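Let me begin by presenting the structure, written as structure tokens, before commenting on it.
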Amino acid sequence: MSNSLVVYNTLSRKKETFVPIHPPFVSMYVCGPTVYGEPHLGHARPAIVFDLVFRYLKHLGFKVRYVRNITDVGHLENDADEGEDKIIKKAHLEKIEPMEVAQMYIDKYHFAMDKLNVQRPSIEPRASGHIIEQIEMIEKIIEKGYAYITNGSVYFDVPKFDKDFGYGKLSGRILDELIANSRELDGQSEKRNPADFALWKKAAPEHIMQWNSPWCKGFPGWHIECTAMSTKYLGEHFDIHGGGMDLLFPHHESEVCQSTIANGIESVKYWMHNNMITINGQKMGKSLGNFITLDEFFEGTHPNLQQAFSPMTIRFFILQAHYRSTLDFSNEALQAAEKGLNKLFETYRTLVDLKPTSNSTNEEVEKEIKSLFQQSSNALNDDFNSPMVIANLFDASRIINTVKAGNQTISQENKNTCLHLFDTFLFDILGLKQSDDTKNQDNLENDLMQIILSLRSEAKNRKDYATADNIRNLLTDIGITIKDTKEGVEWSK
Ligand code: ZN
């Protein structure tokens, strides 16, 4: 398990050597989706980024427990403490049960993530299934004197926390500025201070999802679910907490407050945040008309798209950028990604079919490929630098194509080293896969070619050279060349 992995910790704002709390175990929590709408690009990036982290940690030999939650209650509009619950709003609109809304979008989310080849987490808890845990945690915070009850609702006392522990460590927000920038209290607010946030909200009688609590019939605030569920499944102190940068404030900052008080410790050792996605330089939003769902990408049905883009193109495109960089989607950029990925897959197929041209190992090729392997490991060890890994795979492609062109020799050992590079990084760690369609088609093509070539060799055996030549010419017409060699007949497109 000795490794030199370094991760950027949002909390310390610097790269730190990764040392898990209880090696060889790694505990990781990532904020999952609020399930009230179609899965879109904003869902794809954190899922793929933390899938890379999950896969690489396992590759290093760690035993990873990966928890990614489902928010199916308590997430109010505009991420605020007022307004309608996002899921209940959708339920009203569709005239179905809130849990039907949640289930429908959980299924759609899973379906889309499977297509993107995102591995399922170890545990996927739902907020609505952990009301008791959330209530117990709120009770602890009240007991310790950092929350107060107004009219049945419970709020976290941010100024008190700020005085004792310092508020804003994670997001860099300063409490005084927050208060100054918040809208003036209209006297109707139940909060003592506009910076306070809800732990439990009293529900209006018509509010569909509500539970009994020691304070009133109501529902949990959005932030408490993650503290309650991460504590339940990963303990009071765990290794990695991830999510998109849009969750840094107020969601994750509030989690820091809650765990510091309830668990007596800042629960998270490494906070990791992926940067945001823009579309043609603009923030993605329903009102901007550039809100594209993953299905629309896969089918090419959105008016802004010139074509469909496969799940693997989307995945490759996301991994072509470092997770802490912003990423701008455009047709042109996606088309370039599609071309690049196809080139890598094509090289891999060439490599698989490549016949060793030498019995002795080509030391030069061996050294180059091994060095690319090492450089790819170094890149991932440097805060999961996936774009660098992809650049190394393109370098390897160049070498393989030089061999294919006959300008370089390789042995079986060379070939195995190349295969190992692609299998490890392209398929296992970056999680890219050739579609089953492509694979099936390749297999079918191979089988058909074997049949055609055996018919041709039968014709030759009975000295029917006219038929043999005719087969060759017909193949040439459709772009397939065949070559008679000592080992048999080779074909290529
Ligand atoms: Zn969360």
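What follows is calculated from the coordinates using simple rules that are stated; it is not laboratory data. Since this is a predicted model, take the numbers as computed values, not measurements. Neighbour counts run over all protein chains shown; Cβ positions are idealised from the backbone, glycine included.
So what are the ³J(HN,Hα) numbers for region 233-247, from phi and the Karplus equation (6.51, -1.76, 1.60; θ = phi - 60°), rounded to whole Hz, Gly and Pro as x?
9, 10, x, 6, 9, 9, 6, 10, 10, x, x, x, 4, 5, 8
Provide Ile314, Ile451, Ile208, Ile70 in ascending order of the number of other Cβ atoms located within 10 Å of each residue's Cβ, fewest first. Please report the intermediate quantities before stating the final value.
Details: Ile314 24, Ile451 9, Ile208 15, Ile70 21.
Placing the least packed residue first, the sequence is Ile451, Ile208, Ile70, Ile314.
Suppose each label sits 7 Å from its Cα in the direction of the beta carbon; what would the Lys355-Leu419 distance come out to in nanometres?
So the label points at Lys355 and Leu419 sit 1.7 nm apart.
Give me D for region 282-429 in µm² s⁻¹, whole number, from Stokes-Einstein with Rh from the Kirkwood sum over alpha-carbon pairs, 37 °C and 0.692 mPa s.
Translational D for this selection: 194 µm²/s.
Output the antiparallel fraction of DSSP beta bridges having both residues in the chain, as a percent to the nearest 5. Working shown, then result.
Values: 25 of 47 bridges.
Around 55 percent antiparallel, to the nearest 5.
Can you give me the long-range amide H partners of Asn274? Hydrogens built in the peptide plane at 1.01 Å from N, cutoff under 5 Å, separation of 5 or more residues or another chain.
Distant-sequence amide H within range of Asn274: Gly243, Gly244, Met245.
Give me the log10 of I(q) over I(0) for region 6-274 at q = 0.08, 0.14, 0.16 Å⁻¹, as the Debye formula computes it from C-alpha points; what are the numbers?
Each listed q corresponds, in turn, to -0.32, -1.00, -1.31.
Please order Lys191, Lys89, Lys339, Lys370 by the number of other Cβ within 10 Å, starting at the fewest. Kindly include the intermediate steps, with their values, before the conclusion.
Working: Lys191 19, Lys89 16, Lys339 10, Lys370 13.
Ranked by crowding around the Cβ, least crowded first: Lys339, Lys370, Lys89, Lys191.
Sequence-distant or interchain residues sharing an amide H contact under 5 Å with Phe329, placed H: which?
Thr278, Ile279, Asn280, Gly281
Tally Lys and Arg at +1 and Asp and Glu at -1 over the other residues with C-beta under 15 Å from the C-beta of Gln306: what net charge comes out? Each step should come with its number before you reach the end.
On the way: positive: Lys339; negative: Glu296, Glu299, Glu332, Glu338.
Net of charged neighbours comes to -3.
If contacts are Cα pairs under 8 angstrom and at least 6 residues apart, what is the relative contact order of region 212-298 in percent? Working shown, then result.
Numbers: 70 pairs, mean separation 24.3, N = 87.
Dividing the mean separation by the residue count of region 212-298 yields 28 percent.
How far apart, in nm, are the 7 Å Cα→Cβ label points at Glu84 and Asp107?
My value for the distance between the label points is 2.4 nm.
When 1/r is averaged over all different Cα pairs and the result inverted, which Kirkwood radius in Å belongs to the chain? Please report the intermediate quantities before stating the final value.
Working: mean 1/r = 0.0388 Å⁻¹.
The Cα-based Kirkwood calculation yields 25.8 Å.
Ratio of region 391-460's C-alpha Rg to 2.2 N^0.38 Å, to two decimals? It would help to have the intermediate numbers written out before the result.
Values: Rg = 16.2 Å, N = 70, 2.2 N^0.38 = 11.1 Å.
Computed over Cα atoms of region 391-460, the ratio equals 1.46.
To the nearest 20 debye, what is the magnitude of the charge dipole of the chain about its Cα centre, counting +1 on the Cβ of each Lys and Arg and -1 on the Cβ of each Asp and Glu?
Values: 54 positive and 67 negative charges, 203 e Å.
Approximately 980 debye in magnitude.
Sequence gap at least 6, Cα distance under 8 Å: using those rules, report the relative contact order of the chain to the nearest whole percent.
15
Can you give the convex hull volume of the alpha carbon atoms of region 436-492 per residue, in Å³? Can you show the working numbers first?
Working: hull volume 4.3 nm³, N = 57.
So the per-residue Cα hull volume is 76 Å³.
Spelling out what I want: for every residue of region 57-70, take phi, set θ = phi - 60°, compute 6.51 cos²θ - 1.76 cosθ + 1.60 (Karplus), and round to whole Hz; glycine and proline get x.
4, 5, 4, 6, x, 6, 9, 9, 9, 10, 10, 10, 7, 10
In whole Å, how far is the Cα centre of region 221-258 from that of region 445-493?
63
Expressed as a whole number of Å, what is the distance separating the alpha-carbon centroids of region 346-377 and region 22-51?
For region 22-51 versus region 346-377, the Cα centre distance is 35 Å.
Within 10 Å, count the other beta carbons around each residue, average over each peptide in 372-378, 13-19, and list them highest first.
On the way: 372-378: 18.0, 13-19: 12.6.
Ranked by mean Cβ neighbours within 10 Å, highest first: 372-378, 13-19.
Taking other Cβ within 10 Å of each residue's Cβ, how do Asp383, Asp164, Asp51 sort, fewest first?
Ascending number of Cβ neighbours within 10 Å: Asp164, Asp383, Asp51.
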